[in-house]
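A quick write-up on the structure given underneath.
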Amino acid sequence: MLASYGGAEGIRDDTMLESALAKPQQLHQYGTPNMCEIATAYTAGVVRNHPFVDGNKRTGFMLGVAFLERNDWQFSGSEAEAATHTLALAAGELDEAGFAAWLAANSSPAS
């Protein structure tokens, strides 16, 4: 990501990274989350915890997409929509439920 888009490299806070990566596992305490809710938890964890020196929003979004792809789903939204929704999530203008709904509308199981 940094090679493509620029920015400083490094982990700013190991504890915040661990917290971000544990967030999806905590969803199971409250029910059975769907794929997009889990992907959103990964995205929101990194976007909001800022564990990296730079590129937290880009990395958070790509982590969510990577989770979907790893589970045989594909994201079909545009790069512009992804940026808009990820920035809104980071700013608190869009909650996780709203982001998950948008992600679900733009993702599907791979054919």
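The values are calculated or read from the model by the stated rules, or taken from the named source; none is laboratory data. None of the values given here were measured: they were computed from a predicted structure. Positions of Cβ are backbone-derived with ideal geometry, glycine not excepted, and every protein chain shown enters the neighbour counts.
Data table
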read-out	value
Unmet criterion (only one of (1) in a helix (DSSP H, G or I); (2) crowded, with 16+ Cβ neighbours inside 10 Å) for Q25	(2)
Residue within region 84-96 that is β-branched (V, I, T) and in contact with a Pro (Cβ under 9 Å, 6 or more places away or on another chain) present	no
Matching residues, region 93-111, being at pLDDT 95 or above and over 16 Å from A41 (Cβ atoms)	E93, A105, N106, S108, P109
